Every structure is written in C-alpha cells, then in structure tokens.
Amino acid sequence: MLDRILLSRFRNHRETAVEGTAQFNLLVGENGAGKTNVLEAISLLAPGRGLRRAQLADVPAQDGDGGFAVNAALLMPTGEPVRLGTGVAAERPGRRLVQVNGAQSSALSLAEWLSIGWLTPAMDRLFVESAGARRRFLDRLVLAIEPAHAGHAARLETALRERNRLLSDHRPPDPHWLDAIEVQIAEAGALVATARARLVARLEAALAQLPDAPFARPSLAYQPGGPTEAGALAIALRDGRPRERAAQRTLIGPHRDELAVTMAGKGQGDKGQPAAECSTGEQKAMLIAITLAHSQLLESDGENRPRLLLLDEVAAHLDPVRREALFDRLRAGSAQVWLTGTEIAPFEAIAGEAAVWEVSAGSVRRV
C-alpha cells in the first residue's frame, strides 16, 4: 500500500501531502482541480512516462523553478516501509531522478518494488488509435507481471533506433555493424514478443471464464510483427535489408506487433465484433474487463509486490449495476485502488470504507 504521498511543484500542486490511505481512495473535485495530477504523480513511481506520457519539461509547476518531486512511502508486507521518490532537478531539467530509500536508482528498478496499472478517459480511444498505443498498453500489463520486461523493451528500442539510423544514412551501412545490431534486436525482440504472447494467452483464458454481463467481454489475440524466435528474427532482418534500406526504417519485428481485440460473440461460431467498431460504452466496458482480468492474474500468481490501480473518472459513464459490479471485483482483490470523480454520489457503495479527499485548485483536504 502507498501512503504519505508528497507532491512538490508538480503541475498545479505546489506542495501537497496525501496521508492515511486505505484500499479505496477517492479524490473528489471539479474538473481541473488537480485530481488526475495526483494519479499522474503516483504513476511516475513506475518505469515509463506515466499515465499522461508527458515530457519531463511539461510536468513542473508553471510558477516554479523547473523542477518537481514525488515521494511516497510504500508499506511492505514485512511492515518496513520503502521510500520511493522521483523527479527532476531544476538545474538538469531533462534528466529524471529516482531514489529508493534515499539512494540513487534507475526508473526501471521501480518495477521491482510495486506494480501500477491505470485507466484514464484518454484510453477510451485505445481500440481506434494506432497499434503503437495498444503495444504500450500491452507492455504495461506485461511489466506488472514480469518486471524484467522493461529492460528487454528498452534494449530493443535502443537497438532499433541505431539500426534505423544506419538504414537512413546516405552512406551504405557496414554489414558487420548491422549484423551486431540485428543480433541485439533479435535477442531482445524475442524476449519482448514471447512475453507479450504469453500474457495475451493468459488474459484470453481468464477472460473466457467471465460472463457476458455486466461488462462486455473482450477476446484478445496477439499478432506478431515478425518471427518471435531470435534466430528466425535475425535472418528476417538480414534478408530484409534491401527493402528496409529503401524505406529507411525497420519494417519487421516486435515494434510492429498488434493486439487484436474483439467483443466476444454470444453464439457458437460467432467471432464477435472488432472493438474499434463497438460503441464507446462497450469499449469502456471491455477495457475494464481486461484490467480486472489482469488484476486476477496477479492474484493467482501470488504476486508479493504491492499493487495499485489508478482509475480516473472510471465510474462517470457506468450505470449503477456496472458500478456495483466494479466495486465488488475491486473489493475482492488486494490492490490499492485510487479513483477520481467530480462528486461523491457514484461512489456511495464504497464511501464508508474509503479514504476520501476533496481536491480544489491544487490542494488536497481529507474529508
């Protein structure tokens, strides 16, 4: 569980402290008050760019010195708290700093301490956006179960960037240098691809056990962007050099993977409807179903890292039946849950057991 969360010069929060947390934590306030900013700050205690995918330069308070800080106490099952911190120093605005118990660490190391997932209104368009958005979503789900995935994905991205640089150079690239880079892509890419495929298979099995109501039940399929075995991927990259040299970029590999989502059909032989063609409400319900199924996987794995779910405005467009079902499933799990809303009414079913804060103009007050 996360507690004693401190935000300093973070967006519209000059100095904010959130203490006395519970399993359910509600942030209530008007639009623009700073509720999502609190969730974003928490999301930065995981590898990556957080739930808004913001550039570091966009995060500090506008009237500050260009730096920001987020600190929190992670209450471990052993009883000993771990102090996590991240931020940017004013004198080095482009470099993210991370500390664990006061010692300098890496952003990737944060995945070893806790698992964070989130749903935001911006994700409602996940199924109609580019494949890249779905890959990022999938990678975040993988990372929550396999912390090493962050390192494999980072190595893949670095090697791909270097190969694309060589392919786009006006001079013919050194084939031996390409060989070396393609081995790196193949090795890291195979690890990334197999982890994605493994998780999708597990999620699909978990989703297949769910009823069709009250949430629309999605069906998932992993569509690889190339061979998923390292040797075969290395061969494909080498053979594809002439075509990719003309395109000036790598056209095969895990960076071309796709997560295909359909709304499961109700009849035998019914393949269902592609998620991109479903209604906004159905797409939202499918996202919730995937999130809950993923949380159940973590429970069944005996995950011992603390887990957080950040649900931004998730109850706003759910009818009372779906809201009650959502709260029941969240209550049955062990994850600490953070929810936002403009009013308390949609959360009446959990208000009595929740820690509630009123957020107004970048300040937080316990209710």
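Miscellaneous remarks
- Per-region count, segment 9-48, residues assigned to a loop (DSSP other than H, G, I, E, B), at pLDDT 95 or above and within 26 Å of residue 92 (Cβ to Cβ): 5
- Among the residues of segment 120-135, those identified as surrounded by 15 or more Cβ atoms within 10 Å (Cβ to Cβ) and touching a residue at least 60 places away in the same chain (Cβ under 8 Å) are 120, 123, 124, 126, 127, 131, 134, 135.
- Candidate set from segment 56-93 (those that are of a type in the set (S, T, N, Q) and at pLDDT 90 or above); member that is nearest to residue 109 (Cα to Cα): 86
Quick grid of which residues meet (1) under 29 Å from residue 201 (Cα atoms); (2) of a type in the set (Lys, Arg):
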residue	(1), (2)
284	yes, yes
300	yes, no
309	yes, no
314	yes, no
336	yes, no
341	no, no
345	no, no
366	no, yes
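- Being over 26 Å from residue 29 (Cβ atoms), basic (Lys, Arg) and surrounded by fewer than 16 Cβ atoms within 10 Å (Cβ to Cβ) is a property that does not hold for residue 245.
- Residue in segment 169-176 that is of a type outside the set (Phe, Trp, Tyr), out of contact with any strand residue (DSSP E or B) (no Cβ under 7 Å at 6 or more places or on another chain), surrounded by fewer than 21 Cβ atoms within 10 Å (Cβ to Cβ) and closer than 19 Å to residue 49 by Cβ present: no
- Selection of first residues in segment 289-315 that are at positive phi and of second residues that are surrounded by fewer than 18 Cβ atoms within 10 Å (Cβ to Cβ) and part of a loop (DSSP other than H, G, I, E, B), restricted to Cβ pairs under 9 Å at least 6 apart or on distinct chains, gives the following pairs, ordered by first then second residue: 313/342.
- Of all residues in segment 136-171, those satisfying the criterion of being within 21 Å of residue 204 (Cβ to Cβ) and either assigned to a strand (DSSP E or B) or touching a Leu at 6+ places or on another chain (Cβ under 7 Å) (or both) are 137, 138, 141, 142, 144, 145, 149.
- Some residue of segment 352-365 being part of a helix (DSSP H, G or I), at pLDDT below 95, more than 22 Å from the chain's Cα centre (by Cα) and over 25 Å from residue 9 (Cβ atoms): no
- Verdict on residue 321 being in contact (Cβ under 8 Å) with a residue 60 or more places away in the chain, assigned to a loop (DSSP other than H, G, I, E, B) and of a type in the set (A, V, I, L, M, F, W, C): no
Residues checked against (1) under 30 Å from residue 124 (Cβ atoms); (2) part of a strand (DSSP E or B):
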| site | (1), (2) |
| --- | --- |
| 215 | yes, no |
| 227 | no, no |
| 231 | no, no |
| 244 | no, no |
| 262 | yes, yes |
| 282 | yes, no |
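- Pairing residues of segment 209-238 that are crowded, with 18+ Cβ neighbours inside 10 Å with residues that are of a type in the set (D, E, K, R) and assigned to a loop (DSSP other than H, G, I, E, B), at Cβ distances under 6 Å and at least 6 apart in sequence or on separate chains, gives 224/257; 225/257.
- Flag if residue 97 is at pLDDT 95 or above, aliphatic (A, V, I, L, M), surrounded by 14 or more Cβ atoms within 10 Å (Cβ to Cβ) and over 29 Å from residue 301 (Cβ atoms): yes
The values are calculated or read from the model by the stated rules, or taken from the named source; none is laboratory data. Keep in mind it's a predicted model, so treat the numbers as computed, not measured. Cβ atoms come from the backbone with ideal geometry, glycine included; neighbour counts cover every protein chain shown.
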